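A short worksheet on the structure shown next.
The values are calculated or read from the model by the stated rules, or taken from the named source; none is laboratory data. Worth saying up front: this structure is predicted, and the values here are computed from it rather than measured. Positions of Cβ are backbone-derived with ideal geometry, glycine not excepted, and every protein chain shown enters the neighbour counts.
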Amino acid sequence: MVLEQTKRKFPLNKFMTVLVCFLLFILALIYCRYQQVFTVKQIMVYGQHELSDKQVIHASGIKRGSKMFDLNLADGIDRLIAEPYIFNAYISRQFPDMINIHIIERQPIVMIRLKEDYALDAFATMLPRPLNYSTASMPIITGVDPDLPFETGKPTFHPDIKYAINFVNYIQRFNDEITSYCSHITWSEDKGWIIQKDKDYPLIYIGKKDLEKRFDILDAFISKMQKEDIDMRDFKYVSLRFNGQVIVRD
């Protein structure tokens, strides 16, 4: 009989212990909320370059003074990814009062002149003109339809733009001397793609197709001119548009 009474008391005592612990936990949370222990006091941003801390925090929608447990982190991430320069983002809580925001920015590699100047990343995503990246060192594309429909932060599927981006990505395999000849990239409906180092150097007509193959030929041609100590500025233009030939005009 005594053994049975002991067995009955044990589950009851265990239940009461769990209940008291639970009530204490709830009271602790209420106390912390009342004392503003779990309130956002600091927001740290990581991975930014083009955007400022203030811009990233504003885009996330998270405000200092917000309750840590009330934050919808998934919504904040969606808001960040909607920002054109943010490719991906992650937000985490660091108790008791800190929020960490990690972002991966899109990196512009080339400028494009439409009605205004914009930037493009390696995936042909249209970006606002950068403020913290050096645009002077980026190639610039001109001659494309200025009324080209696009949405900033979204890839543009216009064939000319995709072709140009593939072209710019391809030339990165060459040394700086060669890639410098692509400082200015122009699209012409009649002649195709035209590149130029600067106004003192000749126009180089690349054509409309097989750009990678033609650029390999150009690379070999420029290297040959350097070995023979021939200044490219002595030419009026260079054309690679015809059957792999290099045609020059003095």
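For TYR90, which of the numbered conditions (1) part of a loop (DSSP other than H, G, I, E, B); (2) closer than 15 Å to GLY47 by Cα; (3) among the aromatic types (Phe, Trp, Tyr) fails to hold?
Exception for TYR90: condition (1).
Could you go through segment 129-137 and let me know if any residue there is over 22 Å from ALA82 (Cβ atoms) and in contact with a Pro (Cβ under 9 Å, 6 or more places away or on another chain). Spell out how you get there, then give the answer.
To start, the set of residues in segment 129-137 that are over 22 Å from ALA82 (Cβ atoms) comprises 134-137.
Applying the additional criterion that residues be in contact with a Pro (Cβ under 9 Å, 6 or more places away or on another chain) yields 135.
Yes, there is a match, as at least one residue in segment 129-137 is over 22 Å from ALA82 (Cβ atoms) and in contact with a Pro (Cβ under 9 Å, 6 or more places away or on another chain).
Regarding TYR133, is this residue more than 30 Å from VAL40 (Cβ to Cβ), in contact (Cβ under 8 Å) with a residue 60 or more places away in the chain, buried (at least 16 other Cβ atoms within 10 Å of the Cβ) and not assigned by TED's automatic domain parsing to the domain that holds HIS58?
Working: more than 30 Å from VAL40 (Cβ to Cβ): yes; in contact (Cβ under 8 Å) with a residue 60 or more places away in the chain: yes; buried (at least 16 other Cβ atoms within 10 Å of the Cβ): yes; not assigned by TED's automatic domain parsing to the domain that holds HIS58: yes.
Against the criterion (more than 30 Å from VAL40 (Cβ to Cβ), in contact (Cβ under 8 Å) with a residue 60 or more places away in the chain, buried (at least 16 other Cβ atoms within 10 Å of the Cβ) and not assigned by TED's automatic domain parsing to the domain that holds HIS58), TYR133 qualifies.
So, in segment 35-88, how many residues would count as being of a type in the set (D, E, K, R) and within 15 Å of the chain's Cα centre (by Cα)?
2
Being more than 20 Å from LYS154 (Cβ to Cβ) and among the hydroxyl-bearing types (Ser, Thr, Tyr) is the filter here; which residues of segment 61-86 pass it?
Answer for segment 61-86, where residues must be more than 20 Å from LYS154 (Cβ to Cβ) and among the hydroxyl-bearing types (Ser, Thr, Tyr): just SER66.
Given the options ASP147, ASP117, ASP75, ASP70, name the one that is touching a Leu at 6+ places or on another chain (Cβ under 9 Å), without any contact (Cβ under 8 Å) to a residue 40 or more places away in the chain and acidic (Asp, Glu). Give the steps one after another, and end with the answer.
On the way: ASP117 fails: touching a Leu at 6+ places or on another chain (Cβ under 9 Å); ASP75 fails: touching a Leu at 6+ places or on another chain (Cβ under 9 Å); ASP70 fails: touching a Leu at 6+ places or on another chain (Cβ under 9 Å).
Going through ASP147, ASP117, ASP75, ASP70 in turn, just one is touching a Leu at 6+ places or on another chain (Cβ under 9 Å), without any contact (Cβ under 8 Å) to a residue 40 or more places away in the chain and acidic (Asp, Glu): ASP147.
Step by step: first the residues of segment 82-103, then only those that are surrounded by 14 or more Cβ atoms within 10 Å (Cβ to Cβ) and among the aliphatic types (A, V, I, L, M), then the one that is farthest from PRO146 (Cα to Cα). Which residue is that?
Kept after step one, since they are surrounded by 14 or more Cβ atoms within 10 Å (Cβ to Cβ), are these residues of segment 82-103: 83-87, 89-91, 93, 97-103.
Now drop any that are not among the aliphatic types (A, V, I, L, M), which leaves 86, 89, 91, 98-99, 101, 103.
Working: ILE86: 25, ALA89: 32, ILE91: 38, MET98: 45, ILE99: 42, ILE101: 37, ILE103: 32 Å.
Only one residue fits best here, namely MET98.
Those residues that are of a type in the set (A, V, I, L, M, F, W, C) and out of contact with any Gly (no Cβ under 8 Å at 6 or more places or on another chain), I need them from segment 71-85; list them, please.
Of everything in segment 71-85, those that are of a type in the set (A, V, I, L, M, F, W, C) and out of contact with any Gly (no Cβ under 8 Å at 6 or more places or on another chain) turn out to be LEU71, LEU73, ALA74, ILE77, LEU80, ILE81.
Only one of (1) loosely packed, with under 12 Cβ neighbours inside 10 Å; (2) touching a His at 6+ places or on another chain (Cβ under 6 Å) is not met by GLN196, so which one is it?
(1)
So PRO108 fits all but one of (1) of a type outside the set (Gly, Ala, Ser); (2) assigned to a loop (DSSP other than H, G, I, E, B); (3) surrounded by fewer than 18 Cβ atoms within 10 Å (Cβ to Cβ); what number is the exception?
Answer for PRO108: the failing condition is (3).
The conditions are (1) at pLDDT 90 or above; (2) under 19 Å from PRO139 (Cα atoms), and LYS208 fails exactly one of them. Which is it?
(1)
Report yes if ASP53 is over 21 Å from LEU127 (Cα atoms) and surrounded by fewer than 18 Cβ atoms within 10 Å (Cβ to Cβ), otherwise no.
Answer is no for this residue.
Could you give every pair whose Cβ atoms fall below 9 Å, whose first residue belongs to segment 200-216 and is under 16 Å from ILE165 (Cβ atoms) and free of Cβ contacts under 8 Å to residues at least 60 places away in the same chain, and whose second residue is polar (S, T, N, Q) and assigned to a loop (DSSP other than H, G, I, E, B), counting only separations of at least 6 or pairs across chains?
none
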